[in-house]
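Reading through the structure tokens given below for one structure.
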Amino acid sequence: MISRDQHHAIGITRLRRSIRVIRVSWGAQMRSWNSMEEFEAFLDDGGLVEPDDDMPDAYRQAVFRFIELHANSEYMGGLTERDWIAKAPGLSNKLTALAKTQDEIGHAHLLYMVAADMGVKTRDEMTADLLAGRTTFHNVFHYRAYTWGDQIAIAYLVDAAALASQQAVFKNCSYGPYKRILRRIIVEEGFHMRNGEELLLKMAKGTPQQHQLMQQGIERWWWPSVQLFGPDTRPNDVLLRWHIKSERNEVMRDRFVQKMVPQLQAAGFTIPDPDLRQDPETGRWISGEIDWDALSDAIAGRGPDSERRLRDARNAWDGAAWVRAALDEAAAVAA
Ligand SMILES: [Fe+2]
Ligand SMILES: [Fe+2]
């Protein structure tokens, strides 16, 4: 019988093996470009940049920062999920929380490896920066999940918002390793979102108390999820120009609102936006004013739960020191 920690160690070893397969699969061949114009033309033609290519430094830095933010967010999201393995009601929900935790931490591992291959920072440096609060992670992981209703709202709203942004990146992503990793991540995020939908419908049809718990969860997580997409994209956003993002933030945010409002209303829930209205001609839903200060505060580490989250992350990192030591020892023995 192996322990849960040993399970984790085996999982990490498997991930390392799978990333090695991904690394060798493209057949490294360094390419270079004479000018930014030439490089951008390559990207516009649908070209995929690989880690060994002599890419412009501005592109390397921008893509690295984007992937590091994504990796940090998966990691912090995984730790939130882990909190619910013990608290989720019933065995089936505990198993789902366990599987989701493994997925999210797995996404973080894969993304950190892709980011480290860009040669900007090592993985240890990225971890140290995250735990010291020097780098950022998504706003939604700066809030606290108090109840099972919050946890379902996260699966239903936050996983759906994250999936929508990741799909938009995957569609046109110019950085090869990131695109390949996203293919796998998106499949798993799709399961998370479906799980959220199923649980939300269960609560909708449940007792008045369950309905109320779910409504409170929606009230706490609606705005952070809408804000997750970010303010309207600036006209000169290099992430769009360099085909990292394929859609403007406001387009993705609008699509999210159009999908979620009717679903939540049909399930008997209220959207916590008193100014939400429907255009009588187009039938499209228009949100009230969005508080962008809440987004920037959260990302800057001044969110309602930022401090506790980072403290928990530091404790989790320190608590798993023996796993890292065991893996390093095993690698040294095998070498
Ligand atoms: Fe994830
Ligand atoms: Fe997820």
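Tabulated data for the structure shown
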item: Label-point separation, Asp54 to Leu95 (7 Å along Cα→Cβ), nm; result: 5.5 nm
item: Lysines with Cα under 28 Å of Lys171, excluding same-chain neighbours fewer than 8 positions away; result: Lys100, Lys121, Lys179, Lys245, Lys259
item: Approximate spin-label separation Glu219-Asp232, in nm, with each point projected 7 Å along Cα-to-Cβ; result: 3.2 nm
item: Charged-residue dipole, Cβ positions (Lys, Arg, Asp, Glu), the chain about Cα centre, Debye nearest 20; result: 1140 debye
item: Solvent-accessible area per residue, Å², over the chain with all protein chains present [probe radius 1.4 Å]; result: 50 Å²
item: Ellipsoid equivalent to segment 115-183 - semi-axes via the Cα gyration tensor, in Å; result: 26, 21, 8
item: Percent carbon-and-sulfur accessible area, the chain, ignoring ligands, DNA and RNA, probe 1.4 Å; result: 54 percent
item: Binned Cα-Cα distances of segment 7-327, short to long, each 10 Å bin given as a whole percent; result: 5, 25, 34, 24, 10, 2, 0
item: Where Phe64, Phe191 fall by accessible area, highest first, once all protein chains stay in place (1.4 Å); result: Phe191, Phe64
item: Segment Ala334-Asp297, extension gain: residue separation times 0.36 nm, minus the distance between their alpha carbons; result: 8.7 nm
item: Kyte-Doolittle mean at least 0.0, axial Cα span of 18 Å or more - DSSP H helices of the chain; result: 91-116, 159-172, 321-334
item: Most fluctuating residue given options Glu188, Glu281, Glu250, as computed from a GNM of the chain linking Cα atoms under 10 Å; result: Glu281
item: Computed helical MRE - 222 nm, the chain, DSSP H runs ≥ 4 contributing -39500 (n - 2.57), nearest 500; result: -22000 deg cm²/dmol
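The values are calculated or read from the model by the stated rules, or taken from the named source; none is laboratory data. Everything numeric in this text was worked out from a predicted model, so none of it was measured. Reconstructed Cβ throughout: ideal geometry from the backbone, glycine too, with neighbour counts over all protein chains shown. Just so you know, the surface numbers come from the protein's heavy atoms only, side chains and all, with ligands and any DNA or RNA stripped out. Shrake-Rupley method; radii C 1.70, N 1.55, O 1.52, S 1.80 Å.
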